[in-house]
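A.B. asks: Pasting a structure below so you can have a look.
The values are calculated or read from the model by the stated rules, or taken from the named source; none is laboratory data. Every value quoted in this text rests on a predicted model; they were computed, and no experiment measured them. Cβ coordinates were reconstructed from backbone atoms using ideal geometry, including for glycine residues, and neighbour counts include every protein chain displayed. The area values use the complete protein model at the heavy-atom level, side chains included, leaving out ligands, DNA and RNA. Shrake-Rupley method; radii C 1.70, N 1.55, O 1.52, S 1.80 Å.
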Amino acid sequence: MKDKFNFLKNSSVKSMFVTYAIVIVAYLVMEALMFTGSVNYLLMDLLVPLCVYSIVAIGLCLCVGYLGELSLGHAGFMCIGAFTSATFSSLTKEFISNEIVAFLLAFVIGTIFAGLFGFLIGIPVLRLRGDYLAIVTLAFGEIIKNIINVLFIGKDSKGIHVAIVDPDALKMEADGKYIINGAKGISGTPHLSNFTIGVILILISLFIVYNLVHSRSGRAVMAIRDNRIAAESVGLNVTGYKLMAFSISAAIAGAGGVLYAHNLSTLTATPANFGYNMSIMILVFVVLGGMRSFRGSIIAAVLLTMLPEMLRGLSDYRMLIYSVVLIAMMLFNWSPKFKELRSKYAGVFKRNKKSKEAV
Amino acid sequence: MSFISYLINGISLGSIYAIIALGYTMVYGIAKMLNFAHGDVIMIGCYVVFTTVTGLGLNPYLSILLSVIVCTVLGVVIEKIAYKPLRKAPPLAVLITAIGVSYFLQNFALLIFGADTKSFTSVIPMNNIKLAGDKLVISGVAMVTVCICIVIMLALMTFIKRTKAGQAMLAVSEDKDAAQLMGVNVNGTISLTFAIGSGLAAIAGVLLCSAYPTLTPYTGSMPGIKAFTAAVFGGIGSIPGAFIGGILLGIIEILGKAYISSQLSDAIVFAVLIIVLLVRPTGILGKAVHEKV
């Protein structure tokens with residue numbers, strides 16, 4: 001009996017279960033509050049976006065914290081997940097009546113497409129390092145957004161038509177209707193997302209990333225992050241592991257996109273939702289959450305989204321506060337002066353530091 | 001005829017990219033970091049000219065000078081506060097800080113100047129030239145832009161070749177520690193690089209807003225990223241490279257806009273960046289750097 005629960009003594013495994021527990025307890029508390037009617041509409045509207053941000057943050061955390069590569073294009077993967085799944089849902093909403101099946105299929109499609117794009121983009125991009133990788137992922141994100149804004153897909157009695165730039169090139173019959181209408185996006189996506197599905201997706205994402213991180217492959221990924229040359233010289237397939245982690249990270253971002261798309265009746269790719277700004281916002285969540293902590297990413301996503309909404313006066317300053325948080329976090333962690341200061345007060349924070357290492 | 005006028009527009013836009021790219025390429029060569037905030041320094045410079053000329057009725061030349069001073073000081077201050085403490089930090093931390101600074105400047109401008117688009121009145125008094133019986137019109141701004149770009153490029157190259165401070169820059173970019181041992185003031189040189197880059201950004205900003213007269217807090221970010229693309233295209237760390245990369249990128253963007261699709265022009269520019277990085281990661285004039293174990 002004693003041996004059976006031995007794995008719980010492993011601090012990282014314990015931390016994993018704590019994370020699951022936090023998510024589930026938060027969900028139950030929220031549901032209970034909603035049941036008693038003590039949640040206002042403002043917060044109700046925020047619940048699904050909170051799940052979306054948390055999921056994308058988990059994905060980016062895998063990429064930035066564990067793979068050690070800064071991606072500024074995760075909004076692009078989110079965009080792919082959102083648009084492929086919403087297109088699928090609009091095309092099939094007459095055939096599939098069961099909501100859960102419809103969402104599940106859309107989820108699988110969106111995630112697979114985002115993962116596939118992550119893989120395809122990763123092949124060239126992961127050969128680059130550091131700043132170059134950041135700027136190229138940024139470029140890819142913008143390209144994806146630009147292309148979706150000039151993409152037209154229509155459906156009529158003859159089948160599905162696809163055109164780029166020129167909507168007249170679709171050559172649709174009189175009964176045809178647009179699925180993706182260029183910059184106007186997709187309208188009439190079935191409203192399939194809800195808080196429960198969002199939390200389930202968070203748990204699935206957590207399950208995937210925790211299992212990855214605790215596996216042999218995950219350790220290989222971290223070894224590559226810490227010292228690529230050393231990892232290569234012990235025979236690790238550097239490109240392969242990087243591609244795997246990057247694709248999984250993209251697929252998780254895509255899952256966030258699926259959830260996002262099915263929460264809105266009209267989906268458009270604007271700079272505000274799938275642009276560079278979104279990628280930065282998610283990055284802020286990951287950095288504030290502690291870079292290598294999935295739990296931290298979720299908590300930061302929830303806090304940083306909720307606080308400015310709750311304190312109405314602050315919402316104008318939200319992005320300003322985010323930017324100051326980014327700079328301050330980096331200075332606090334890496335500036336020699338702060339390092340000195342921290343070692344001076346190390347005794348006070350000792351317990352804190354220990355638990356940090358465990359994560 | 002229309003092709004020639006597109007080409008001229010492309011060269012003019014490319015010259016602006018080239019001037020911005022200089023700031024990136026010098027900072028990258030010396031501090032080995034991508035200064036994400038460079039594009040937003042441009043935007044701040046534009047707002048300085050806009051408020052002093054439109055709001056206070058200052059002489060345009062004085063206001064440009066003021067804008068150069070403000071941007072230079074801003075560049076040095078950013079370096080001192082945000083980047084200097086992170087000299088020894090991992091590149092990821094520096095990059096995230098730079099993104100933070102960029103975001104800070106954008107949102108700071110958003111709070112002070114508002115999100116509405118300001119229409120920037122051109123401060124360059126130059127008439128358009130009509131050639132070939134009015135068929136080909138070259139805008140005055142385009143000519144001034146190209147001339148200024150060439151002058152800046154030559155001046156900068158002379159500065160680096162002929163002066164002590166310029167030689168110090170070369171030394172620091174080659175090997176920071178060795179330069180320090182030889183008595184080069186490394187911190188001073190890095191500050192000087194940021195100062196020159198940011199001062200040039202102010203000039204680029206005035207030219208950019210004279211050619212495309214709309215000003216918002218996000219005006220600088222896209223040209224900034226494209227100028228970085230130009231710097232990478234030409235070979236990062238190389239001044240003539242920034243010039244060639246900038247001009248080529250400007251031409252590609254304008255021709256793409258004219259002949260393919262105006263909505264896809266950004267995508268085309270970024271596709272060029274990706275292809276360049278894959279085929280020739282060191283750019284047109286860049287040197288290959290071998291990794292030491």
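A.B. asks: Can you tell me which residue within the stretch A:93-108, out of those that are at pLDDT 85 or above and over 16 Å from the mean Cα position of the chain (by Cα), is most open to solvent (accessible area, probe 1.4 Å)?
C.D. replies: Taking the candidates together, the pick is A:100.
A.B. asks: On the given criteria, is residue A:53 surrounded by fewer than 16 Cβ atoms within 10 Å (Cβ to Cβ), in the same structural domain as residue A:264 (by TED's automatic domain parsing) and among the aromatic types (Phe, Trp, Tyr)?
C.D. replies: So residue A:53 does not fit the description; no.
A.B. asks: For the stretch A:222-231, does any single residue satisfy the condition of being of a type in the set (S, T, N, Q) and either touching a residue at least 12 places away in the same chain (Cβ under 8 Å) or touching a Cys at 6+ places or on another chain (Cβ under 7 Å) (or both)?
C.D. replies: no
A.B. asks: Does at least one position in the stretch B:103-110 carry a residue that is more than 10 Å from chain A (Cβ to nearest Cβ) and among the aromatic types (Phe, Trp, Tyr)?
C.D. replies: The answer is no, given that none of the residues of the stretch B:103-110 is more than 10 Å from chain A (Cβ to nearest Cβ) and among the aromatic types (Phe, Trp, Tyr).
A quick yes/no check of all residues on (1) within 14 Å of chain B (Cβ to nearest Cβ); (2) modelled with pLDDT of 85 or more:
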{"site": "A:51", "(1), (2)": "no, yes"}
{"site": "A:78", "(1), (2)": "no, yes"}
{"site": "A:85", "(1), (2)": "no, yes"}
{"site": "A:132", "(1), (2)": "yes, no"}
{"site": "A:147", "(1), (2)": "yes, yes"}
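A.B. asks: Residue check, residue A:203 against (1) open to solvent by less than 40 Å² (accessible area, probe 1.4 Å); (2) modelled with pLDDT of 80 or more; (3) closer than 25 Å to residue A:279 by Cα, all met but one. Which one?
C.D. replies: (1)
A.B. asks: Scan the stretch A:214-262 for residues that are farther than 22 Å from residue A:73 by Cα, of a type in the set (S, T, N, Q) and open to solvent by 40 Å² or more (accessible area, probe 1.4 Å) and jot them down.
C.D. replies: A:227, A:233, A:237
A.B. asks: Report, ordered by the first and then the second residue, all pairs with beta carbons closer than 8 Å, sequence separation of six or more or different chains, a first member in the stretch A:138-161 that is of a type in the set (Phe, Trp, Tyr), and a second member that is part of a loop (DSSP other than H, G, I, E, B) and open to solvent by less than 20 Å² (accessible area, probe 1.4 Å).
C.D. replies: Between residues of the stretch A:138-161 that are of a type in the set (Phe, Trp, Tyr) and residues that are part of a loop (DSSP other than H, G, I, E, B) and open to solvent by less than 20 Å² (accessible area, probe 1.4 Å), the close pairs are A:140/A:73.
A.B. asks: Looking at the stretch A:308-359 only, could you name the residues that are modelled with pLDDT of 70 or more and of a type in the set (Lys, Arg)?
C.D. replies: Those that are modelled with pLDDT of 70 or more and of a type in the set (Lys, Arg): A:318, A:337, A:339, A:342, A:344.
A.B. asks: So which residues in the stretch B:94-127 are under 23 Å from the mean Cα position of the chain (by Cα), surrounded by fewer than 21 Cβ atoms within 10 Å (Cβ to Cβ) and part of a helix (DSSP H, G or I), if there are any at all?
C.D. replies: The answer is B:108, B:110, B:113.
A.B. asks: Okay, next question. All but one of (1) over 17 Å from residue B:68 (Cβ atoms); (2) under 15 Å from the mean Cα position of the chain (by Cα) hold for residue B:148; which doesn't?
C.D. replies: Residue B:148 satisfies all of (1) over 17 Å from residue B:68 (Cβ atoms); (2) under 15 Å from the mean Cα position of the chain (by Cα) except (1).
A.B. asks: For residues that are aliphatic (A, V, I, L, M) and either surrounded by 18 or more Cβ atoms within 10 Å (Cβ to Cβ) or at pLDDT below 75 (or both), tally how many sit in the stretch A:151-162.
C.D. replies: Qualifying residue count, the stretch A:151-162: 2.
A.B. asks: Also, quick follow-up: Scanning for something open to solvent by less than 30 Å² (accessible area, probe 1.4 Å), closer than 30 Å to residue A:28 by Cα and either touching a helix residue (DSSP H, G or I) at 6+ places or on another chain (Cβ under 8 Å) or within 14 Å of chain B (Cβ to nearest Cβ) (or both), does the stretch A:168-177 turn up at least one residue?
C.D. replies: No, the stretch A:168-177 contains no residue that is open to solvent by less than 30 Å² (accessible area, probe 1.4 Å), closer than 30 Å to residue A:28 by Cα and either touching a helix residue (DSSP H, G or I) at 6+ places or on another chain (Cβ under 8 Å) or within 14 Å of chain B (Cβ to nearest Cβ) (or both).
A.B. asks: With the requirement that a residue be surrounded by fewer than 21 Cβ atoms within 10 Å (Cβ to Cβ) and within 12 Å of another protein chain (Cβ to nearest Cβ), what does the stretch A:263-280 give you?
C.D. replies: A:271, A:272, A:275, A:277
A.B. asks: Further question: Open to solvent by less than 10 Å² (accessible area, probe 1.4 Å) and of a type outside the set (Lys, Arg): does that describe residue A:76?
C.D. replies: yes
A.B. asks: Within the group B:250, B:235, which residue is open to solvent by less than 10 Å² (accessible area, probe 1.4 Å) and under 30 Å from residue B:54 (Cβ atoms)?
C.D. replies: Result: B:250 is the single residue among B:250, B:235 that is open to solvent by less than 10 Å² (accessible area, probe 1.4 Å) and under 30 Å from residue B:54 (Cβ atoms).
A.B. asks: Starting from the stretch B:184-212, take each residue that is aromatic (Phe, Trp, Tyr) and list its partners that are open to solvent by 10 Å² or more (accessible area, probe 1.4 Å), counting only C-beta distances under 7 angstrom and pairs at least six apart or across chains.
C.D. replies: Taking only residues 6 or more apart or on different chains, the pairs are B:194/B:76.
A.B. asks: Return yes when residue B:131 is among the hydrophobic types (A, V, I, L, M, F, W, C) and within 26 Å of residue B:236 (Cα to Cα) and no when it is not.
C.D. replies: So residue B:131 does not fit the description; no.
A.B. asks: If you check residue A:38 against the conditions, is it among the hydroxyl-bearing types (Ser, Thr, Tyr), in a helix (DSSP H, G or I) and farther than 27 Å from residue A:246 by Cβ?
C.D. replies: no
A.B. asks: Could you count how many residues in the stretch A:134-145 are open to solvent by 10 Å² or more (accessible area, probe 1.4 Å), of a type in the set (Val, Ile, Thr) and more than 7 Å from chain B (Cβ to nearest Cβ)?
C.D. replies: 1
A.B. asks: Any idea how many residues of the stretch A:168-200 are of a type in the set (Val, Ile, Thr), within 26 Å of residue A:47 (Cα to Cα) and modelled with pLDDT under 90?
C.D. replies: Residues flagged as of a type in the set (Val, Ile, Thr), within 26 Å of residue A:47 (Cα to Cα) and modelled with pLDDT under 90 within the stretch A:168-200 amount to 2.
Each row is one residue, and each column tells you yes or no for (1) of a type in the set (A, V, I, L, M); (2) in contact with a helix residue (DSSP H, G or I) (Cβ under 9 Å, 6 or more places away or on another chain); (3) modelled with pLDDT of 90 or more.
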position	(1), (2), (3)
A:223	yes, yes, yes
A:231	yes, yes, yes
A:246	no, yes, yes
A:255	yes, yes, yes
A:266	no, yes, no
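A.B. asks: Scan the stretch B:212-261 for residues that are in a loop (DSSP other than H, G, I, E, B), within 12 Å of chain A (Cβ to nearest Cβ) and touching a Leu at 6+ places or on another chain (Cβ under 8 Å) and report the count.
C.D. replies: So the answer is 1.
A.B. asks: Can you tell me which of (1) within 22 Å of residue A:272 (Cβ to Cβ); (2) at pLDDT 85 or above; (3) out of contact with any Cys (no Cβ under 6 Å at 6 or more places or on another chain) is the one residue A:71 doesn't meet?
C.D. replies: Tallying (1) within 22 Å of residue A:272 (Cβ to Cβ); (2) at pLDDT 85 or above; (3) out of contact with any Cys (no Cβ under 6 Å at 6 or more places or on another chain), residue A:71 fails exactly one: (3).
A.B. asks: Would you point out which residue out of A:265, A:279, A:249 is in contact with a Cys (Cβ under 8 Å, 6 or more places away or on another chain) and within 24 Å of residue A:83 (Cα to Cα)?
C.D. replies: A:249
A.B. asks: Of B:78, B:42, which residue is surrounded by 24 or more Cβ atoms within 10 Å (Cβ to Cβ), away from chain A (no Cβ under 14 Å) and not basic (Lys, Arg)?
C.D. replies: The conditions single out B:42.
A.B. asks: Hey, can you tell me all the residues within the stretch B:128-177 that are over 16 Å from residue B:10 (Cα atoms), surrounded by 14 or more Cβ atoms within 10 Å (Cβ to Cβ), at pLDDT below 90 and small (Gly, Ala, Ser)?
C.D. replies: The answer is B:173, and nothing else.
A.B. asks: Here's a follow-up. Only one of (1) in contact (Cβ under 8 Å) with a residue 24 or more places away in the chain; (2) open to solvent by less than 40 Å² (accessible area, probe 1.4 Å); (3) away from chain B (no Cβ under 13 Å); (4) out of contact with any His (no Cβ under 7 Å at 6 or more places or on another chain) fails for residue A:68. Which number is that?
C.D. replies: (3)
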